[in-house]
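Structure, as structure tokens:
The values are calculated or read from the model by the stated rules, or taken from the named source; none is laboratory data. All values reported here derive from a predicted model rather than from experimental measurement. Methodologically, a virtual Cβ is constructed for each residue, glycine included, from the backbone with ideal geometry; neighbour enumeration extends over all protein chains shown. For the accessible areas, the whole protein counts, side chains as well, though only heavy atoms, and no ligand, DNA or RNA atoms are used. Shrake-Rupley method; radii C 1.70, N 1.55, O 1.52, S 1.80 Å.
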Amino acid sequence: MILLVDMDAFFASVEQAHHPHLLGQPVVVCGDPGRRGVVTAASYEARPFGVRAGMALGEARRLCPQAHYVEGNPEKYVALSLQLLELYTTWSPEVEPFSVDEAFVGLGSRVALGPAAEVAREIQLAILERFQLGASIGVGPNKLVAKMAAGVRKPRGLTALDEEGFRATFWPRDIQELWGVGPKLAVRIRSLGFKTVGDLAHAPVPLLKTAFGIVGPALREAAWGRDETPLVPYHRGVDAKSMGHEVTLPEDCDDERYIECTLLRLSDQVGRRLRTEGYVGRIVAVKLRNQRFETVLRQRALPEFTADHLRIFQHARALWREHWKGDPVRLIGVSVSGLARRSPGEQQELLPADARSRRLERALDQVRDRLGEASVVPLGSLAHRRAPGHVPFGTLPARSGARRGPTPP
Ligand SMILES: [Mg+2]
């Protein structure tokens, strides 16, 4: 049984809680109220005027000139977010942050829906008492149902659904209400004749497989309210001792090839750092964040220790493929944890191929030590070199023409 706690209009509510004269008033949180920008959050009092997060500030001012425009304070929100996670651990150690204002709380498999909803009510009250903040909570037998239930009633909603309740609630609804189905995917699903979640639940599997690959059958399962994604508690999420690299893309990207190239580049950097600092590791993790700042962290343990970038990349790519549903990515990260010191005795390879690739790796590391990190890079990490504006090492002129995908750093 899992809860998804979703803070109501989080940033705006925090500002209202900290500045009582804003209580009950339309509040718009933004980057810098004096400059052009976008709305980061709108209080529930501002929403009836049509103000929404992501909207241009100018438009918000036109729709709701009387609102209080407040400059956001990200450090404050993150600090509060961490305090909230701490609070949830009062009920269960199984707490996984999902975004700055959302977290999953796992209650184990022996708890029934009713008692789980009781816990949700207690958490809701505790958040209100301690932080003067409202939250909406979804309760369900898995992450998918909990997440979608949380959206049913807002603000301060509490919705508990079992799989049957999920189907009764969501089958009549538009396909885009299914978690993981963005506008683009929705268009493709509709073009096959499936308009509601219920339609998708009854779609023939072979058809979905042909149209969407491995994602197809997973989508159908989701339409039935089934989901086996594990909950990864945050204190165990990534080992304290880990090495990773992450990159915020200049613009949201759903270009598979670009994401793959980026994973390879990051894996290469992580492998290089492990080798330079004399470590090997056996847990590979991938971090993906979308434009709604929802973060997915997935990891897997390998059968052996490694510092090899290709090995890291293979697992990072597999994790990405398993967990990415096609929505545009804002941030990508690769890390390796479960580290151990690489002792000279461990360098005996079992297979000649291993020995050869290790020798190659060593030679390439020496080249980099002498000539710099960019002197040798994996070919695959440059496969996006034809993207306009990308000048690999200053040798090609930028070309004009628009194509989806940001200019690589
Ligand atoms: Mg929220």
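So the values come out like this:
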quantity	calculated
Cα-derived Rg over Rh, computed across the chain with Rh taken as Kirkwood radius	1.00
Efficiency of FRET from Cβ geometry, L382 and H323, R₀ 25 Å, rounded to 0.05	0.45
Relative contact order %, region 242-381, counting alpha carbon pairs below 8 Å whose residues are six or more apart	36
Amide H contacts under 5 Å for G134, placed H, 5+ residues apart	D8
Protein accessible area in region 181-326, 1.4 Å probe - carbon and sulfur %	55
Radius 13 Å from Cβ of G333, net charge of other residues (Lys, Arg +1; Asp, Glu -1)	+4
Candidates H315, H19, H323, ranked by Gaussian network fluctuation over the chain, Cα under 10 Å, top entry	H19
Accessible area (Å², per residue) of region 98-236, counting only protein heavy atoms and a probe of 1.4 Å	47
Relative contact order of region 10-74, defined on C-alpha pairs under 8 angstrom at six or more residues apart (%)	35
Antiparallel %, DSSP beta bridges [both residues in the chain], to 5	85
For region 10-74, the spread of Cα positions along each principal axis, largest first, Å	26, 25, 17
Per residue accessible area of region 242-381, 1.4 Å probe, in Å²	51
Helix-only CD estimate at 222 nm, as mean residue ellipticity for the chain, using -39500 (n - 2.57) per DSSP H run (n ≥ 4)	-11500 deg cm²/dmol
Reachable lysines from K325, criterion Cα separation under 16 angstrom, eight or more residues apart if same chain	K143, K147, K184, K209, K287
Kyte-Doolittle at least -1.0, axis length at least 20 Å by Cα - qualifying DSSP helices, the chain	74-88, 113-131, 256-277, 309-323
Probe 1.4 Å - accessible area at E129, Å² to nearest ten	140
For Y279, residues with placed amide H under 5 Å, excluding near neighbours	R342
Sites E246 and L82, calculated FRET efficiency, Cβ-Cβ separation with R0 22 Å, nearest 0.05	0.70
Contact order normalised by residue count of region 172-223, Cα under 8 Å, 6+ apart, percent	35
Within the accessible area of region 1-114 (1.4 Å probe), percent carbon and sulfur	56
Total charge dipole magnitude, the chain, about the Cα centre, Cβ charges on Lys, Arg, Asp, Glu only, Debye to nearest 20	1280
Environment charge at E59 (Cβ cut-off 13 Å; Lys +1, Arg +1, Asp -1, Glu -1)	+4
